[in-house]
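The values are calculated or read from the model by the stated rules, or taken from the named source; none is laboratory data. If you're wondering where the values come from, they're calculated on a predicted model, not measured in any experiment. Counting neighbours? That spans all protein chains shown, and the Cβs are built from the backbone with ideal geometry, glycine included.
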Amino acid sequence: MRSVIIEALKGATGRDEIGLEFSQVEFHGDYSSNIALVLAKESGGNPKVLGEEIAEKLRKDKELSGHISKIEVAGPGFINFFLSEKALLAQLASIEKEKEAYGTSDRGKGKTVVIDYSSPNIAKRFGVGHIRSTIIGQVLYNLHKFLGYKVIGDNHLGDWGTQFGTLLYQIDFKGLDASKLTIDELEKLYVEFNSEAEKNERLWEMARAWFKKLEEKDPKAREIWKQIVNISMAEFSRIYETLGVKIDYIHGESFFADKMSAIIEEARMRQLSKKSEGAEIVEFKGLPPAMLVKSDGTTTYFTRDLATIKFRIAEWNPDLIIYEVGSDQTLHFRQLFETARLLGWAKGREFVHVAHGLIRFEHGKMSTRRGETIRLEEVLDDARARAKGIIDKSETGRGLLQKEKEKVAKAVGIGAVKYFDLKHHPTTDIIFDWEKIFVLQGNSAPYLQYTVARTNSVLAKAQTVNSKQLTVNNLNDEEKKILRSFSRFSEIIATAAKSYSPNLLANYLFDLAQKYNNFYNQHRIIGGENEAFKLRLTSAIGQVLKNGLTLLGIETPERM
Ligand code: ARG
């Protein structure tokens, strides 16, 4: 729809840059353009008069008149477009025809995107920051796929670095059996090491020596390290399973350990590397330097990230690489992207850091700022238990079999946690508040899931939906509002992907669900006027909400 209007505006003004926005209030129609204001500013003319001239031309546009019922000039000179009933009803027919594919497009066709997300560190608990990265990263993945991009998810597991030297040293020194350690015990070893090392500086040397051994493929070091990887991956896989997330590839930092010298060579050849106090660094204009090689000869997170880019280019030749990583790594990514550019790797390619904010827990034991004491699995279990409580209380819920109830509780509990994250813009710091996560009459996953279940139950009661019945007379306001929202769905998806903002889709879905519930409360559907049409609308609402929630990685139980 948007493109038809834009084409018409281009024709009427002779311009190829046209601004066209969704109207904020219904009173102003569906779309609004500021082109008359822009032109008037350039020519010194009167924007209202100019707007009228353009509108007059557009009103004669045959192509446009099939979609638009009214064109108006409002305020200082905005040109407002009102979609025709015919155009609105065409959306309904598309939903019925395209079903789960409604909203897809081919705008990403021929383009490849690599998304680096989740990327937890081994020997540590899966932190709340990583859960944000996992949830948001997966949605960015889904959105791009929906838009026709070739998408590759790559989990940059933190499994290499000097810090593992401290663990290897401790495990060897204490004679521990690494295969029997838990993640909690591994974390404790870190803490212990740090406090010991405060008293005894020499321990750092030992740790560095162990990491060096690891880099030099010493069999004992490799063996212990491998066990730590396995213990960690077992926990991470459980979490991915619970979250319903599958990441295409895992290329941990260790994967790049033997690809370091090529990178260092390339940096030297391009005269980017500089010796500094025994280490090798890359300097930038306007940014602090990054470390390529440490003075003890070991490599860094930064160097491994460079090797990762080179690998991804060779493997997939992406047009875009998205890193969904906490905002505390902003400097790292600026240095990384700048280095990639200086190395000549960025031609025709884009690098983006989608930097998420912190999650804070305000209540009780969950009061740490950075989440160190939070066990993510406990939070997820808690969410499921709360969801189960809700279902136990609902009438439909009571009618479910035990097994079905568990399934619904998982969908609702996990969905609620995911949605709470996604309804905020990624960069926002969020405060974890169970009340808000589960608010049944507000902007939450349970509310949306409940609305989908409501559409199912209406349709089940009606039994047959006759989509052949096209005659509709007197659309009421609530129906019109729903149809208007439909016409925005595919654009919202495109904008959410382009601006890395899943919150746009989340909030769109909330608005749509509210529109349906308003309609439901004000009009009789079964046995009411235009029953067949109202049922079609109900079915279409269910479909669009499901499509959107699926993109957000949220399941929609049939009944709840
Ligand atoms: N493992 C890192 C951390 O937890 C995140 C890695 C992000 N991805 C990357 N390519 N650097 O801090």
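Couple of notes before you dig in:
- Criterion applied to Ile554, Ile525 was being buried (at least 22 other Cβ atoms within 10 Å of the Cβ) and among the aliphatic types (A, V, I, L, M), and the one residue passing it is Ile554.
- Test result for Glu235, within 30 Å of Ala416 (Cβ to Cβ) and either in contact (Cβ under 8 Å) with a residue 60 or more places away in the chain or in contact with a Phe, Trp or Tyr (Cβ under 6 Å, 6 or more places away or on another chain) (or both): yes
- Near pairs, Cβ below 9 angstrom, 6+ apart or cross-chain, from region 143-167 (closer than 30 Å to Ser490 by Cβ) to any residue that is among the basic types (Lys, Arg) and within 16 Å of the ligand (Cβ to nearest atom): Ile152/Arg312; Asp154/Arg312
- Flag if His144 is closer than 23 Å to Lys246 by Cα, crowded, with 20+ Cβ neighbours inside 10 Å, within 16 Å of the ligand (Cβ to nearest atom) and of a type outside the set (A, V, I, L, M, F, W, C): no
- Test result for Leu509, outside any helix (DSSP H, G or I) and touching a residue at least 60 places away in the same chain (Cβ under 8 Å): no
- Filter result for Gly110 (within 16 Å of the ligand (Cβ to nearest atom) and out of contact with any Ser or Thr (no Cβ under 9 Å at 6 or more places or on another chain)): no
- Considering only residues in region 503-560 that are of a type in the set (Lys, Arg) and in contact with a helix residue (DSSP H, G or I) (Cβ under 7 Å, 6 or more places away or on another chain), the one that is nearest to Arg384 (Cα to Cα) turns out to be Arg559.
- Residue in region 342-351 that is under 27 Å from Ala307 (Cα atoms), modelled with pLDDT of 85 or more, not acidic (Asp, Glu) and not in a loop (DSSP other than H, G, I, E, B) present: yes
- Filter result (of a type in the set (S, T, N, Q) and touching a strand residue (DSSP E or B) at 6+ places or on another chain (Cβ under 7 Å)) within region 1-32: Ser23, Ser32
- Within region 294-310, one or more residues are within 15 Å of the ligand (Cβ to nearest atom) and among the small types (Gly, Ala, Ser).
Each row is one residue, and each column tells you yes or no for (1) without any contact (Cβ under 8 Å) to a residue 12 or more places away in the chain; (2) within 24 Å of the chain's Cα centre (by Cα); (3) within 12 Å of the ligand (Cβ to nearest atom).
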| residue | (1), (2), (3) |
| --- | --- |
| Ser261 | yes, no, no |
| Met269 | yes, no, no |
| Ser276 | no, no, no |
| Ile322 | no, yes, yes |
| Gln329 | no, yes, yes |
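- One residue stands out among those in region 114-135 that are of a type in the set (A, V, I, L, M) and within 13 Å of the ligand (Cβ to nearest atom): the one that is nearest to Ala178 (Cα to Cα), which is Ala123.
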